[in-house]
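Visitor: First the structure, which I've put down as structure tokens, then a few questions once you've had a look.
The values are calculated or read from the model by the stated rules, or taken from the named source; none is laboratory data. Everything quoted here is computed from the prediction, not taken from an experiment. With ideal geometry, Cβ positions are generated from the backbone for all residues, glycine too; neighbour counts draw on all protein chains shown.
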Amino acid sequence: MDQKITESDSKSEALRTFTTGENFHAQHYLGCHKTEIGYVFRVWAPHAKAVALIGDMTQWRKKPIPMTRQNHLLSSDAGVWEVTLSDDQVKNGQFYKYLVTRASGQVIEKLDPYAIRFGARPDTAAQIYEVKPKKWQDQAFLKKRRETDMFTSPLNIYEVHASSWKRHDDGRLYTFSDLKTELISYVKALGYTHIEFMPLMTHPLGMSWGYQLTGYFALEHTYGTPEAFQDFVEAAHLAGIGVIVDWVPGHFSQNDDALAYYDGTPTYEYQDQNRARNVGWQAINFDLSKPQVQSFLISSLKFWIDFYHIDGVRIDAVSNMLYLDYDQGPWTPNSDGSNINHDGIAFFKKLNSVIKLAHPDVIMAAEEASSQTKITGMLEMGGLGFDFKWNMGWMNDVLKFYEMDPLYRGEHFHLLTFSFMYMMDEHFILPFSHDEVVHGKKSLMHKMWGNRTRQFSGLRNLLAYQMCHPGKNLLFMGQEFGQFLEWKYDWQLEWSESDEMNDEMLVFTQTLGKFYQSRAELFELDHDYGGFEVIDADNTAESVLSFVRKDKAGNQLICVFNMSAVERSNFTIGVPRAGTYKEVLNTELASFGGTWKTHNPDTTTQKADWKNYVDILTFTLPALGCVIWQAETQEKTAHIAEVKTVIDRSIELKIAGH
């Protein structure tokens with residue numbers, strides 16, 4: 001006899017899995033939903049004495065509608081409150097909140113944690129908002145994404161704060177409808193592969209940049225409608241651009257009408273005040289051990305991936321979730337005295353398992369600054385399951401080096417080369433993010449040494465070094481054209497103040513981005529020492545660094561960086577193969593704002609012993625410049641390498657007895 005699954009059974013299973021941390025679509029159960037008979041509202045408040053619905057439909061507090069505690073669905077009390085209202089009582093577009101009577105007797109208005117839409121700031125009421133299913137047109141992009149190996153492909157990310165990239169002439173903020181028209185084509189023209197947005201979820205204060213969230217399922221009202229962001233992502237995909245979004249599962253806003261102590265007791269947060277209180281960010285930490293919190297957070301991320309078709313997620317402040325003593329305040333150690341947050345580690349393993357099972361091609365990246373815990377790599381191999389980790393150590397060392405007077409750089413060359421020791425330990429993204437160009441740190445261009453001309457030379461050198469160093473790339477908006485002022489969250493980039501030098505810098509960034517995407521040597525073996533070979537990392541007297549980048553076919557690029565302000569004539573390095581070399585990039589060309597009218601001429605190697613090499617290449621190295629060389633015989637060499645691979649494989653099979 002067939003058993004029909006009833007609506008009651010479905011609700012019961014949704015509630016059961018929510019309480020066990022296995023409901024990864026919890027927004028379909030909790031929150032506000034249209035039904036055949038009207039609208040149902042559900043909220044989790046396990047220790048509340050009472051909960052009522054208030055809003056436009058109740059004249060707010062004048063006629064609150066009591067909600068019922070759903071005890072009958074489980075043998076134990078799950079703490080979910082529910083009420084169903086008819087279409088005559090509730091209309092689409094109305095606003096509402098929950099009136100929670102806390103265990104102490106205090107009555108407080110609370111927002112709906114599962115709402116998909118909130119009112120404009122400072123309003124925190126949720127809106128009954130029905131989104132029609134979108135007929136997506138990005139199937140070809142998603143198919144290509146599934147078939148692409150993210151680790152051996154180019155990844156060049158343009159980081160954006162949605163409300164300060166550009167504004168209207170009258171100061172009005174751009175919405176995603178505006179950004180769709182201008183941002184996507186701009187990013188594509190510059191050779192970026194992805195746009196990464198700082199958090200887009202609802203937050204009560206622009207000054208927080210989106211890192212103090214109140215709505216984990218709702219697009220910030222300032223940025224437009226959910227449909228507009230769907231359309232933006234679709235347009236980006238049709239242009240071949242991926243979209244990554246920052247997500248903050250570690251801590252949340254301490255505002256009293258949001259998640260904080262929702263029912264008067266620790267609900268979403270830890271019971272232990274030392275673990276719950278986030279002193280550094282004046283926020284509250286999620287209790288990652290609670291099954292209901294796990295259901296909430298994982299459902300939030302899956303919603304953004306499923307509903308908006310985003311291509312990746314960058315998780316903020318992972319270190320704060322991995323170490324109990326990461327914050328500035330007092331901390332409670334484990335029973336053995338250790339500082340590892342076992343709840344955080346278990347949560348990330350679960351999160352990445354769930355996301356990767358459903359979306360193996362979606363990028364999972366972690367902003368994490370320590371080296372104690374393996375962040376990237378398979379769970380079975382001891383990692384937390386992330387695809388990429390921001391290389392914060394590389395970023396700090398490199399920026400410290402480039403800020404120095406070139407006279408002293410030779411004494412600190414280790415800042416450039418130390419990363420060679422660990423660059424394959426994780427799958428790294430090399431970030432020059434928003435954090436490095438705010439709070440008195442200066443813009444990247446302003447960090448550079450010297451007068452304005454030399455600062456631009458330094459910036460071009462820096463961005464070339466980022467592209468040539470193993471790892472994927474991220475650059476914050478405005479740095480691509482050498483903005484002088486620090487980033488301001490409450491205004492736009494310096495579009496109207498840019499001059500000819502900024503325009504030339506933009507030409508360089510575009511050339512570099514296109515060059516990067518066209519050269520497999522710069523991305524195909526990012527996580528394999530076989531793709532990198534140091535030529536000379538010890539030339540501290542002249543402050544010159546040189547190395548080789550390689551692809552799977554054996555093609556090579558010779559990358560040479562002059563960190564001094566002195567042009568080096570007849571400069572010589574050893575190279576791995578003999579032949580005639582062509583200069584394929586020179587950061588000091590006049591078209592980029594430099595002083596060179598033409599490239600170095602094609603140069604043929606000479607026989608001579610030089611360190612471990614028997615062939616040398618001699619050329620002129622521009623002051624504060626980077627030059628990249630390619631052997632003219634590269635296609636032939638690549639073919640030879642392929643033939644050799646076949647021969648080697650034949651020998652292996654022969655030895656094995658096949």
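Visitor: Of these, Val534, Val548, which one is surrounded by fewer than 17 Cβ atoms within 10 Å (Cβ to Cβ) and in a strand (DSSP E or B)?
Guide: Val534 is the lone residue from the list that is surrounded by fewer than 17 Cβ atoms within 10 Å (Cβ to Cβ) and in a strand (DSSP E or B).
Visitor: Based on what the data block shows, is Glu82 assigned to a strand (DSSP E or B), modelled with pLDDT of 95 or more and of a type in the set (Asp, Glu)? Write out each step before concluding.
Guide: Values: assigned to a strand (DSSP E or B): yes; modelled with pLDDT of 95 or more: yes; of a type in the set (Asp, Glu): yes.
Considered against the rule, which asks whether it is assigned to a strand (DSSP E or B), modelled with pLDDT of 95 or more and of a type in the set (Asp, Glu), Glu82 comes out as yes.
Visitor: Separate question: Can you pull out every residue in region 111-155 that is part of a loop (DSSP other than H, G, I, E, B), hydrophobic (A, V, I, L, M, F, W, C) and exposed (fewer than 13 other Cβ atoms within 10 Å of the Cβ)?
Guide: Answer for region 111-155, where residues must be part of a loop (DSSP other than H, G, I, E, B), hydrophobic (A, V, I, L, M, F, W, C) and exposed (fewer than 13 other Cβ atoms within 10 Å of the Cβ): Ala120, Val131.
Visitor: Filter region 407-435 for residues that are farther than 27 Å from Gly377 by Cα and in contact with a helix residue (DSSP H, G or I) (Cβ under 9 Å, 6 or more places away or on another chain) and give the result.
Guide: Arg409, His412, Phe413, His414
Visitor: Inspect region 499-519 for any residue being free of Cβ contacts under 8 Å to residues at least 60 places away in the same chain, surrounded by fewer than 17 Cβ atoms within 10 Å (Cβ to Cβ) and not in a helix (DSSP H, G or I) and give the result as yes or no.
Guide: Yes.
Visitor: Could you give every pair whose Cβ atoms fall below 6 Å, whose first residue belongs to region 76-94 and is within 20 Å of Trp60 (Cβ to Cβ), and whose second residue is aromatic (Phe, Trp, Tyr) and surrounded by 13 or more Cβ atoms within 10 Å (Cβ to Cβ), counting only separations of at least 6 or pairs across chains?
Guide: From residues that are within 20 Å of Trp60 (Cβ to Cβ), the pairs are Val83/Phe41; Leu85/Tyr39; Val90/Tyr39.
Matching residues to (1) at pLDDT 95 or above; (2) touching a strand residue (DSSP E or B) at 6+ places or on another chain (Cβ under 9 Å):
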{"position": "Asp231", "(1), (2)": "yes, no"}
{"position": "Asp246", "(1), (2)": "yes, yes"}
{"position": "His251", "(1), (2)": "yes, yes"}
{"position": "Asn278", "(1), (2)": "no, yes"}
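Visitor: Going by the conditions given, is Gln294 free of Cβ contacts under 8 Å to residues at least 40 places away in the same chain and within 21 Å of Ile345 (Cα to Cα)?
Guide: On the way: free of Cβ contacts under 8 Å to residues at least 40 places away in the same chain: no; within 21 Å of Ile345 (Cα to Cα): yes.
No; evaluated as a whole, the condition is false for this residue.
Visitor: If you go through region 12-56, how many residues are at pLDDT 95 or above, touching a strand residue (DSSP E or B) at 6+ places or on another chain (Cβ under 7 Å) and not small (Gly, Ala, Ser)?
Guide: Of the residues in that region, 16 qualify.
Visitor: Across region 171-187, what is the number of residues that are under 22 Å from Ala365 (Cα atoms) and of a type outside the set (A, V, I, L, M, F, W, C)?
Guide: Summing the residues that are under 22 Å from Ala365 (Cα atoms) and of a type outside the set (A, V, I, L, M, F, W, C) in region 171-187 gives 0.
Visitor: Using the structure shown, decide if Ser419 is crowded, with 23+ Cβ neighbours inside 10 Å and either outside any loop (DSSP other than H, G, I, E, B) or not acidic (Asp, Glu) (or both).
Guide: The answer is no for Ser419.
Let's see how each residue does on (1) outside any helix (DSSP H, G or I); (2) not acidic (Asp, Glu):
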site	(1), (2)
Tyr186	no, yes
Gly191	yes, yes
Glu196	yes, no
Pro199	yes, yes
Gln230	no, yes
His237	no, yes
Ile244	yes, yes
